Amino acid sequence: MPVSIKDNICIEGSKTTCASKVLENFIAPYTSTVISKLNSEDAIIIGKTNLDEFAMGLSTEFSAYGPSRNPWNTDYVPGGSSGGSGVSVSANECIASLGSDTGGSIRNPASFCSVVGLKPTYGLVSRYGLVSYANSIEQIGPMTKTVKDSAFLLNIISGIDSNDNTTVDNKNQDYLNNIDAGINGKKIGIVTEMTNPDGLTTDVLDATNDAIKTFEKIGANCEQVSLEMVRYAVAAYYTITSTEAGSNLARYDNIRYGYEFDSSGFEFNSYISQARSEFGPEVIRRMILGGFVPSAGHAGKYFSKALKVKSKLITEINHVFEKFDFLISPTVPIQPFKFGEKINDPVSFMMVDFNTVTANLTGIPAISVPYKITNGLPIGIQIMANRLEEHSLLQAAYALEKTVDLPEVLV
């Protein structure tokens, strides 16, 4: 199996740049668990893929080495932060890629590039060897051509790892087993807040309504369900992740890690300032936010409230899954946008994550399945399930996938 790897996942002896000038010459001293597992199955790793710097972004415009381009139309972004992974699979350079998903960074480019993107349950896949952005919610997962390929890859990379204490037992699940069981009689909740967010386009809404009808035709029972805390999820997500990122990025001080330059004659503070000057604009923006939020006098105003939102959202999700087997929504409220269209509007940029961050904050699995090509650009449908219900989630995704017949990208 030819596989590409997002360049924030370590492979011993190879560069791991995280698409940052800060790590331009960093050679990984060890191999991540997911790579070791791929190697044990004789996977062929064809190379590393581009991303937004330190996985902070959703368009791959924030790579220090230039953007990746959407193979469906190179004037448009491929999504992010795992944009290079999405492009490599969509453009038939490989049949699978490993990405990381902190707030939608697998599912967003999967939707934008018309591939399958799976964010597993938090802890199902080891994060050992992943360069951390936000430890409490990020997860490695597969991006593939088909749902079956995602199930196959999940069989390989999931499970307990002694190097990552957050990992959970996959109980020797075979995610390919009975994947064609269908969803007859299953209950699907249509998340009201995710089907009418600000910025939702008519084409995406039409595709979502069509997907709902498709689910009903193949035997599912669909009805609306409200998750009231979803409206606060983006704010909570950026508050929590920026705070964790601020801590994680502190190590790039040119002493432990960082960009090499002539430090002779530098005062210590000037030395640190020079080190930080190599970060890109989006990373700097999140570092500033991450320094402000937990500071004295502000932690109670912002960070504590964000954690309360996360807790209440988990409670809501637990309650909803007592009634429903799955939740569905558009993966992203919009189709791919042109380069530069949102880069100077941070709020609009952040709201692209509206439908995806809930799965990260609550730790549940979610998958994006290609569903439509409208005006030459892809639209994906997101399916979510309860924690550790990847087996049934993949069954639902496969059932939907079988109903569509999408063209291949022409490259």
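The values are calculated or read from the model by the stated rules, or taken from the named source; none is laboratory data. Only a predicted model underlies this, so the values are computations on that prediction, with no experimental measurement involved. Because the Cβ atoms are built from the backbone with ideal geometry, glycine has one as well, and the counts that use them run over all protein chains shown.
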Search result, residues across region 363-402 that are more than 21 Å from K171 (Cβ to Cβ) and not in a strand (DSSP E or B): N375, G376, A399, L400, E401, K402
Count of residues meeting criterion [at positive phi and either in contact with a Lys or Arg (Cβ under 6 Å, 6 or more places away or on another chain) or modelled with pLDDT under 95 (or both)] in region 77-130: 0
Test: S132 is under 20 Å from T16 (Cβ atoms) and out of contact with any strand residue (DSSP E or B) (no Cβ under 9 Å at 6 or more places or on another chain): yes
Test: Y133 is assigned to a loop (DSSP other than H, G, I, E, B) and surrounded by 24 or more Cβ atoms within 10 Å (Cβ to Cβ): yes
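Which ones in region 90-120 are more than 17 Å from V332 (Cβ to Cβ) and surrounded by 24 or more Cβ atoms within 10 Å (Cβ to Cβ)? Can you show your working first?
From region 90-120, those more than 17 Å from V332 (Cβ to Cβ) are 91-98, 100, 120; that's our starting set.
Scanning region 90-120 gives A96, S97, L98, S100, P120.
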Residue satisfying condition, being touching a helix residue (DSSP H, G or I) at 6+ places or on another chain (Cβ under 9 Å), crowded, with 16+ Cβ neighbours inside 10 Å and small (G, A, S), within set A233, A181: A233
Filter result (in a helix (DSSP H, G or I) and touching a strand residue (DSSP E or B) at 6+ places or on another chain (Cβ under 6 Å)) within region 349-362: A359
Filter result (in a loop (DSSP other than H, G, I, E, B) and buried (at least 24 other Cβ atoms within 10 Å of the Cβ)) within region 73-87: V77, P78, G79, G80, S81, S82
Residue check, L361 closer than 20 Å to L98 by Cα and crowded, with 24+ Cβ neighbours inside 10 Å: no
Number of positions in region 323-348 that are in contact with a helix residue (DSSP H, G or I) (Cβ under 8 Å, 6 or more places away or on another chain) and either among the acidic types (D, E) or outside any loop (DSSP other than H, G, I, E, B) (or both): 7
